[in-house]
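Peer 1: Questions regarding the structure given below will be posed in turn.
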Amino acid sequence: MKINSTLSAPQLPEALSRAGLQFSVATEEDFEDIMAISQDIYGGLDYLPTRYSSWLQESNRTVILARKQGKVIALESVCLIDEGQTMLVEGLRVAPQERGKGVAGVLLRFCAELVKAKHPEVKVSRLTRDDQLGSKDFLKYRVITKQGILLVRFRSEDLKRRLSDLGGGEPRPESAPFPVRLDHAAVRRLFLTGDLMRGVLPNGTIIQDWQPFKPVPGNLDILMKKDIDWMVDDASKPSVGSLCTFPFRVPIGEDWYYLNIDMFGKDLDLVRQQFLSHLRRHTATLKGHVMCQMFLDPPLWKPMADFCRHALCVELVKEYTEQCVVESDLM
Ligand SMILES: CC(C)(COP(=O)(O)OP(=O)(O)OC[C@H]1O[C@@H](n2cnc3c(N)ncnc32)[C@H](O)[C@@H]1OP(=O)(O)O)[C@@H](O)C(=O)NCCC(=O)NCCS
């Protein structure tokens, strides 16, 4: 979905045109202006600096900017997923001095109108929120699923030492096999055929970092382009599955990396086992500080937080928060 040039949408409701904003498709030249409005976002874990250039290349994505008197004040990205049936809203941000004036609402509606005009087949708008939803939001959205967010930080070298002290002898249920890393063919077989993963995925949704997907071929094509380790406990009868990114740099400081793990399933021992397996693999050659964010079934947050603190001796960055996947129909 590529939409070019400065954007005007004469069919927009009057309130939108009255907002005094100009909309355009983002380009490489806008990077610095976008970073300037993104300073405080996600406590330094903003993924946009690393993804911006590749986002601009993606054929199913458009990044839209809102300007006021020529100055960039907001950004939203829309990406067509679920075989073109759903628009995924990502990256939403408004310049700090412009927040609380309804700019996000105007931009969200602008993008929805744009997608509807270009792609009438799109039926649903989906997004992932990390803030507390209010009663007004529940009128707008249906909740698809929630995952707890466990955020820890450590020095890679310290964790490596701790993991070697544990000696690979972490508790493992008697009958549980070692976790299996899946190649792409195995991922497709497992996620696309039969209902094997349906019972494992939260409400049948593959959530990778902040992106929620239905398990359909086009979405797996999108996911396969990313550097991700896919893991299950048992490829013929999985109870727990996980996706782990390869560590990438985040702008918190020199040598800071972000490791993201999405964990699906409810068995604590198996979850712990896969978590350790990802940590071992991805910290083996890494030097520096790591922010590791794991999204997991909410009841597992507390026992996993205790495990991180007491067994791994890593620092908990924040208490329980949630990511919430919501949808609304495009009217
Ligand atoms: C969240 C943020 C974009 C809201 O911008 P804003 O212009 O101050 O938004 P407002 O408070 O005026 O709310 C306007 C609309 O945006 C919606 N909104 C607020 N936060 C939202 C969010 N995180 N995701 C989607 N919509 C959101 C509100 O529900 C409201 O919708 P409505 O007009 O249909 O009622 C802004 O505070 C920001 O840039 N925060 C830092 C980045 C961030 O947290 N982004 C969210 C990613 S999950």
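The values are calculated or read from the model by the stated rules, or taken from the named source; none is laboratory data. Computed from a predicted model, the values in this text were never measured in an experiment. Don't worry about glycine lacking a Cβ; one is built from the backbone with ideal geometry, like all the others, and counts go over all protein chains shown. We work out accessible area using only protein heavy atoms, side chains counted, and drop any ligands, DNA or RNA first. Shrake-Rupley method; radii C 1.70, N 1.55, O 1.52, S 1.80 Å.
Peer 1: Would you mind telling me which numbered condition in (1) outside the structural domain of residue 203 (by TED's automatic domain parsing); (2) in a strand (DSSP E or B); (3) surrounded by fewer than 19 Cβ atoms within 10 Å (Cβ to Cβ) residue 139 fails?
Peer 2: Only one criterion in (1) outside the structural domain of residue 203 (by TED's automatic domain parsing); (2) in a strand (DSSP E or B); (3) surrounded by fewer than 19 Cβ atoms within 10 Å (Cβ to Cβ) is unmet by residue 139, namely (2).
Peer 1: Restricting attention to segment 102-127, and to residues there that are more than 15 Å from the ligand (Cβ to nearest atom) and open to solvent by 40 Å² or more (accessible area, probe 1.4 Å), which single residue is nearest to the chain's Cα centre (by Cα)?
Peer 2: Ranking the qualifying residues of segment 102-127, first place goes to 123.
Peer 1: I would also like to ask the following. Would you pick out the residues in segment 188-210 that are open to solvent by 50 Å² or more (accessible area, probe 1.4 Å) and among the hydroxyl-bearing types (Ser, Thr, Tyr)? Lay out the reasoning, then the answer.
Peer 2: Pass one, segment 188-210, residues open to solvent by 50 Å² or more (accessible area, probe 1.4 Å): 188-189, 192-196, 198-199, 203.
Within segment 188-210, 193 is the sole residue that qualifies.
Peer 1: Can I ask one more? Please go through segment 274-296 and give me each residue that is touching a residue at least 60 places away in the same chain (Cβ under 8 Å), open to solvent by 10 Å² or more (accessible area, probe 1.4 Å) and out of contact with any strand residue (DSSP E or B) (no Cβ under 7 Å at 6 or more places or on another chain), ordered by number.
Peer 2: Passing the criteria: 280, 284, 287.
Peer 1: While we're looking at this one, here's another question. For segment 282-331, enumerate the residues that are in a helix (DSSP H, G or I) and under 16 Å from residue 256 (Cα atoms).
Peer 2: Keep residues of segment 282-331 that are in a helix (DSSP H, G or I), which gives 282-283, 298-311.
Within segment 282-331, 282, 283 qualify.
Peer 1: Tell me, please, whether a residue that is among the acidic types (Asp, Glu) and open to solvent by 30 Å² or more (accessible area, probe 1.4 Å) can be found in segment 259-266.
Peer 2: Of the residues in segment 259-266, the ones among the acidic types (Asp, Glu) are 262.
Next, from what is left, pick out any that are open to solvent by 30 Å² or more (accessible area, probe 1.4 Å): none.
No, segment 259-266 contains no residue that is among the acidic types (Asp, Glu) and open to solvent by 30 Å² or more (accessible area, probe 1.4 Å).
Peer 1: When residue 72 is evaluated against the numbered criteria (1) open to solvent by 20 Å² or more (accessible area, probe 1.4 Å); (2) assigned to a strand (DSSP E or B); (3) within 13 Å of the ligand (Cβ to nearest atom), which criterion, by number, is the only one it fails?
Peer 2: Only one criterion in (1) open to solvent by 20 Å² or more (accessible area, probe 1.4 Å); (2) assigned to a strand (DSSP E or B); (3) within 13 Å of the ligand (Cβ to nearest atom) is unmet by residue 72, namely (1).
Peer 1: Follow-up. Looking only at segment 40-63, filter to residues that are at pLDDT below 90, within 12 Å of the ligand (Cβ to nearest atom) and of a type outside the set (Asp, Glu); which one of those is nearest to residue 257 (Cα to Cα)?
Peer 2: 45
Peer 1: State whether one or more residues within segment 117-128 are β-branched (Val, Ile, Thr) and at pLDDT below 95. Outline the logic, then answer.
Peer 2: Step one: filter segment 117-128 for residues β-branched (Val, Ile, Thr), giving 122, 124, 128.
Cutting the leftovers down to at pLDDT below 95 gives us none.
Looking for residues that are β-branched (Val, Ile, Thr) and at pLDDT below 95, one finds none in segment 117-128, hence no.
Peer 1: Taking segment 19-39 as the search range and keeping residues that are in a loop (DSSP other than H, G, I, E, B) and of a type outside the set (Gly, Ala, Ser), which one is nearest to the ligand (Cβ to nearest atom)?
Peer 2: Step one: of segment 19-39, the residues in a loop (DSSP other than H, G, I, E, B) are 19-21, 26-27, 37-39.
Now restrict to residues that are of a type outside the set (Gly, Ala, Ser): 21, 27, 37, 39.
Details: 21: 11, 27: 21, 37: 8, 39: 10 Å.
Once the filter is applied, the top-ranked residue is 37.
Peer 1: Among the residues of segment 26-35, which ones are in contact (Cβ under 8 Å) with a residue 40 or more places away in the chain and within 22 Å of the chain's Cα centre (by Cα)? So that I can check it myself, show each step before the final result.
Peer 2: Here is the first cut: in segment 26-35, the ones in contact (Cβ under 8 Å) with a residue 40 or more places away in the chain are 26, 30, 34.
Correct list: 26, 34.
Peer 1: Quick one: is residue 191 at pLDDT 95 or above, in the same structural domain as residue 260 (by TED's automatic domain parsing) and either part of a helix (DSSP H, G or I) or touching a helix residue (DSSP H, G or I) at 6+ places or on another chain (Cβ under 6 Å) (or both)?
Peer 2: On the way: at pLDDT 95 or above: yes; in the same structural domain as residue 260 (by TED's automatic domain parsing): yes; either part of a helix (DSSP H, G or I) or touching a helix residue (DSSP H, G or I) at 6+ places or on another chain (Cβ under 6 Å) (or both): yes.
The answer is yes for residue 191.
Peer 1: For segment 211-251, enumerate the residues that are modelled with pLDDT under 95, surrounded by fewer than 20 Cβ atoms within 10 Å (Cβ to Cβ) and in a loop (DSSP other than H, G, I, E, B).
Peer 2: Result: 225, 226, 227, 234, 235, 236, 237, 246, 251.
Peer 1: Ok, one more. Could you pull out the residue among 93, 99 that is surrounded by 15 or more Cβ atoms within 10 Å (Cβ to Cβ) and either farther than 26 Å from residue 218 by Cα or within 11 Å of the ligand (Cβ to nearest atom) (or both)?
Peer 2: 93
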